[in-house]
Amino acid sequence: MIHPRTELREVDPVIGCGVFATALIPRGTIVWVTDPLDRYLTPGDLKAMPARVARELLIRHTWQTKEGRFALAWDNSRFVNHSCSPNVLATELGFEIAVRDILPGEEMTNDYANLGLQRDEHFHCARGEDGCRGEVHYPDAARMRTTWAEQVAEVLPVAQQVAQPLDFLLSADVREKLRVGVKVRERKRVPRFEPLRQPALAID
Ligand SMILES: [Zn+2]
């Protein structure tokens with residue numbers, strides 16, 4: 001489930017739709033947690049569908065889990081676009097977190113390489129922002145892993161200090177890890193990064 005203070009808008013005709021903040025979402029806010037309405041399809045499920053439906057789902061709206069299932073979020077979270085300078089990153093705790101303040105009207109983005117590209121997967125990033133890599137490839141994850149882990153480690157302790165509307169979706173175990181995470185940072189350890197989500201193949 002995506003943070004409630006978001007809505008779907010068109011970014012531009014090339015990128016298509018994206019998810020935008022309707023109010024300030026402070027850094028440290030958990031902006032996505034899976035919920036029971038999300039679907040996790042097996043390759044067999046997709047095979048049983050008309051090819052065009054399966055292809056559309058795969059290309060645009062799913063990511064592959066570590067277990068090899070295709071995750072289809074039921075809400076607008078499936079429209080979160082890629083950016084090479086994302087304001088959201090995945091964590092090893094099963095949620096995604098704002099790594100900087102997301103201002104009202106600002107688009108929420110993640111780096112699809114952060115979500116775990118397939119080895120042969122790559123795409124052109126049309127955003128052209130500062131730091132835009134142009135082509136996004138599988139090896140980007142290895143290069144960026146430390147940077148992402150540091151960004152997440154920096155904001156995890158803040159999660160305790162900001163409103164968390166998605167808190168009700170967190171397990172007791174994750175809440176405990178979040179609480180302990182503050183101590184982890186104090187010991188100057190960087191949490192190990194594990195991709196949580198894999199991206200859609202297209203920008204939108
Ligand atoms: Zn880019």
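The values are calculated or read from the model by the stated rules, or taken from the named source; none is laboratory data. Being a predicted model, the structure only gives us computed values, none of them experimental. We place every Cβ from the backbone using ideal geometry, glycine too, and count neighbours over all the protein chains shown.
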> What pairs come up if the first residue lies in the range 12-29 and is of a type in the set (V, I, T), the second is in a loop (DSSP other than H, G, I, E, B) and at pLDDT 90 or above, and their beta carbons are under 7 Å apart, counting only those six or more places apart or on different chains?
Replying inline: V19/V80; T22/R5; T22/P104; I25/H3; I25/R5; T29/H3; T29/V162; T29/Q164
> Tally time: how many residues in the range 40-72 are modelled with pLDDT of 90 or more and in a loop (DSSP other than H, G, I, E, B)?
Replying inline: 4
> Would you pick out the residues in the range 84-99 that are part of a loop (DSSP other than H, G, I, E, B) and either surrounded by fewer than 17 Cβ atoms within 10 Å (Cβ to Cβ) or in contact with a helix residue (DSSP H, G or I) (Cβ under 9 Å, 6 or more places away or on another chain) (or both)?
Replying inline: C84, S85, P86, T91, E92, L93, G94, V99
> Can you tell me which of W63, W32 is in contact with a Ser or Thr (Cβ under 7 Å, 6 or more places away or on another chain) and closer than 25 Å to N87 by Cα?
Replying inline: W32
> Hey, among the residues in the range 100-118 that are part of a loop (DSSP other than H, G, I, E, B) and crowded, with 20+ Cβ neighbours inside 10 Å, which one's farthest from the ligand (Cβ to nearest atom)?
Replying inline: G116
>> I'd like to check something: does the range 122-131 contain any residue that is within 22 Å of T34 (Cβ to Cβ), more than 13 Å from the chain's Cα centre (by Cα) and either surrounded by fewer than 17 Cβ atoms within 10 Å (Cβ to Cβ) or small (G, A, S) (or both)?
In response: no
>> K188 - would you say it is at pLDDT below 90 and surrounded by 16 or more Cβ atoms within 10 Å (Cβ to Cβ)?
In response: no
> Looking at the range 119-167, which of its residues are within 16 Å of the ligand (Cβ to nearest atom), not polar (S, T, N, Q) and not in a loop (DSSP other than H, G, I, E, B)?
Replying inline: H122, F123, H124, E135, V136, H137, D140, A141, R143, M144, W148
> Given S77, S83, which one is closer than 21 Å to F123 by Cβ, more than 16 Å from the ligand (Cβ to nearest atom), under 22 Å from the mean Cα position of the chain (by Cα) and among the small types (G, A, S)?
Replying inline: S77
> Across the range 1-39, what is the total count of residues that are surrounded by fewer than 21 Cβ atoms within 10 Å (Cβ to Cβ), in contact with a helix residue (DSSP H, G or I) (Cβ under 6 Å, 6 or more places away or on another chain) and in a strand (DSSP E or B)?
Replying inline: 2
> Within the range 86-98, can you find the residues that are within 16 Å of the ligand (Cβ to nearest atom) and touching a Pro at 6+ places or on another chain (Cβ under 8 Å)?
Replying inline: none
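Yes/no matrix, rows are residues, columns are (1) hydroxyl-bearing (S, T, Y); (2) at pLDDT below 90:
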{"position": "Q118", "(1), (2)": "no, yes"}
{"position": "A126", "(1), (2)": "no, yes"}
{"position": "E135", "(1), (2)": "no, no"}
{"position": "T147", "(1), (2)": "yes, no"}
{"position": "V152", "(1), (2)": "no, no"}
{"position": "L166", "(1), (2)": "no, no"}
{"position": "L169", "(1), (2)": "no, no"}
{"position": "A172", "(1), (2)": "no, no"}
{"position": "R179", "(1), (2)": "no, yes"}
>> For the range 52-72, check the following and say yes or no: at least one residue is crowded, with 21+ Cβ neighbours inside 10 Å, over 28 Å from G134 (Cβ atoms), over 10 Å from the mean Cα position of the chain (by Cα) and not basic (K, R).
In response: no
